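**Q** A single structure is presented below for examination.
The values are calculated or read from the model by the stated rules, or taken from the named source; none is laboratory data. The structure displayed is predicted, hence computed values, not measured ones. Cβ coordinates were reconstructed from backbone atoms using ideal geometry, including for glycine residues, and neighbour counts include every protein chain displayed.
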Amino acid sequence: MRSRMPLGDFLVAYLRRAGVTHIFGLPGDLVLGLFHRFGRARDLEIVTLSHEPAVGFAADGYARSTRKLGVVCVTYGAGGHNVVNPVAGAYAEQVPLLVISGGPGEAEQKLGGVHHQVKDVESQARIFAEVTCTARILRHPELAAEQIHATVRVISDEHRPGYLEIHRDMVDVAISVPKHIVDWNGSFPRPASDARKLSEAVADVVARLEAARRPLLIAGVELYRERAERDFRRLAERLGAPVTTTLLAKGVFPMDHPLHMGVSIGPFSAPEIRKRVREADLVLSLGSQLTDLNQGAAKPQVRREHSVWAESHRVDVSFHTYTDVALKDFVTRLSKERLPRFEERIRYRDNLKRKPAGRAPSRLTVNDLLIEVNDFLAAHAGYDVFAESGDMLFGGLEIRQREGGLYYAQGYYASMGFAIPAALGAQIGTGRRPLVLCGDGGFQMTGPEVSHAPARGLSPIVVLVNNSGWGIFRPVSPRGDLLDIPPWPYAELAQAWGGVGIRARTRDELREALRAAHEVREFVIVECVVPRTDLSPVSRRYIRESARKGRAPS
């Protein structure tokens, strides 16, 4: 990085300084110069897929799994608008992405309408302003370095996407780089907690723990984002209290830990979890968000006067609110305090129905598919699990991994098409082999992107649930024919794309398919044929409840 250099070269140097190793994108004429500039850098690898939405989801999966900045590079208009949905999902779920778009040069703009343009040249930037924490067009060379630095700082602080638009006549323009950016070490300091508020919040919680008899801990995904999961584990182990997690936070606390009771999703939790939450005289909910999916489309089960609710920079203790208290600082400090010890027998709980040996039906069901996947994960460490939206989002609630395995889903925004490209991006970033739970409907959106796996040495195992349509809506739709999709030969497509395809119609066949998939190095699609009307245990209840509320008079 130098005090004066072309804008394109500065951006390459800046991203490398920030620790970026991969850029996910697709070329286009209005971004081609910048795209090739990225491609020339030795330490930057460009990852291309077949369609911009998949590029966005792949960058999202990369950022979630590595906790690094994910970078998306697309062309203006047709490319940029295609990636709006993945970026919106990343904003909703607090994933740090930098979206870089090309754009028309000044001379082109003066000629009138430019191809890919909608209303005016700035339309795309206005659209991205709605789905990012900061969006700007770089127009002034003397400000460009500061604006890039400020954009990445906001992304880092808010854990949300930001947007930069660089018109193609700006890529080679020489810009000035201030000394503090030339000397920048590539990271941003975390906002410090107010020491007095932190001490008082911790003392308040310790006093309540000393008075409690049956406390319970709920782990949220912000523990992972703030790198506080180890301190949370130490806190749980010192207390000896049961732990549940939210949907987004599966894996933040080891699922095979003796204190882990299961996933809490309000009224759709396992009965034993619902009962234990109701009985708790103090609930510490750390790093979780109040969303409809986390709460099971219901009001919180925990009364506020019996709760501690800590998010990224705020702690609520009953009716006391402590602002300017960082979640990591709070959890770290609390875990080191002198705490009471609680002794309780805890068992992991889920919603699956286990049948006596020898009485399993010959035809594969979603319930039994999830049991077989859990048995596979229990026997094979090192897999991360990605769940597609739809039935597998709720089916994923029942997945239990060994320590070290993480779980990824769009548990709030819930866009279909997320899982397979996100799994590819994550394996690129971490090298860990993913297992993907995906319905046939979601697969027909972005599933063919798995055809890029052989060229990149990627090896996801895709457990594809084939129920011949948009099965999650069948319990509430009066027009079943509107939910049907074309019958693709999924297993055969895997073979054609350079992977391995296996079809399973029974539990025994699925068990053998997973065993075989683990042994091969290629990507694998395990096509699981299930009854058209079959769903995971939670899906049917959740969809019916949502439909009931939708019909209720206001």
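**Q** Can you pull out the residues in the range 188-222 that are free of Cβ contacts under 8 Å to residues at least 40 places away in the same chain and either assigned to a loop (DSSP other than H, G, I, E, B) or in contact with a Gly (Cβ under 6 Å, 6 or more places away or on another chain) (or both)?
**A** Phe188, Pro189
**Q** Now for a different question. Check the range 388-409 and report whether any residue there is in contact with a helix residue (DSSP H, G or I) (Cβ under 6 Å, 6 or more places away or on another chain), polar (S, T, N, Q), more than 24 Å from Arg160 (Cα to Cα) and modelled with pLDDT of 95 or more.
**A** No - not one qualifying residue is present in the range 388-409.
**Q** Would you kindly identify the helices (runs of 4 or more DSSP H) lying entirely within the range 38-127 that contain at least 2 residues that are among the aliphatic types (A, V, I, L, M) and over 24 Å from Leu435 (Cα atoms)?
**A** Because the criterion is at least 2 residues that are among the aliphatic types (A, V, I, L, M) and over 24 Å from Leu435 (Cα atoms), the helices (runs of 4 or more DSSP H) in the range 38-127 that meet it are 84-92.
**Q** If Ala297 passes every condition in (1) under 26 Å from Gly390 (Cβ atoms); (2) at pLDDT 95 or above; (3) of a type in the set (A, V, I, L, M, F, W, C) but one, which one does it miss?
**A** For Ala297, the exception is condition (2).
**Q** Check whether at least one residue in the range 95-103 is more than 18 Å from Arg136 (Cα to Cα), touching a residue at least 24 places away in the same chain (Cβ under 8 Å), surrounded by fewer than 24 Cβ atoms within 10 Å (Cβ to Cβ) and in the same structural domain as Thr21 (by TED's automatic domain parsing), and report yes or no.
**A** Checking the range 95-103: not a single residue is more than 18 Å from Arg136 (Cα to Cα), touching a residue at least 24 places away in the same chain (Cβ under 8 Å), surrounded by fewer than 24 Cβ atoms within 10 Å (Cβ to Cβ) and in the same structural domain as Thr21 (by TED's automatic domain parsing).
**Q** Kindly indicate whether any position in the range 245-266 is over 21 Å from Gly411 (Cα atoms) and surrounded by 20 or more Cβ atoms within 10 Å (Cβ to Cβ).
**A** no
**Q** Which of the residues spanning the range 9-45 are surrounded by fewer than 21 Cβ atoms within 10 Å (Cβ to Cβ) and either closer than 16 Å to Leu138 by Cα or not assigned by TED's automatic domain parsing to the domain that holds Gly70 (or both)?
**A** Asp9, Tyr14, Gly33
**Q** Ok, one more. Within the range 257-266, take every residue that is outside any strand (DSSP E or B) and out of contact with any helix residue (DSSP H, G or I) (no Cβ under 7 Å at 6 or more places or on another chain) and give me the one that is nearest to Arg304 (Cα to Cα).
**A** Step one: of the range 257-266, the residues outside any strand (DSSP E or B) are 257-259, 264-266.
After this cut, where a residue has to be out of contact with any helix residue (DSSP H, G or I) (no Cβ under 7 Å at 6 or more places or on another chain) as well, the list is 257-258, 266.
On the way: His257: 28, Pro258: 28, Gly266: 15 Å.
Out of the qualifying residues, it is Gly266.
**Q** OK, next. Going through the range 158-178 one residue at a time, which ones are outside any loop (DSSP other than H, G, I, E, B) and either outside the structural domain of Gly79 (by TED's automatic domain parsing) or within 33 Å of the chain's Cα centre (by Cα) (or both)? Before the answer, list the steps.
**A** So in the range 158-178, the residues outside any loop (DSSP other than H, G, I, E, B) come out as 158, 162-165, 174-176.
Residues satisfying the conditions are Glu158, Gly162, Tyr163, Leu164, Glu165.
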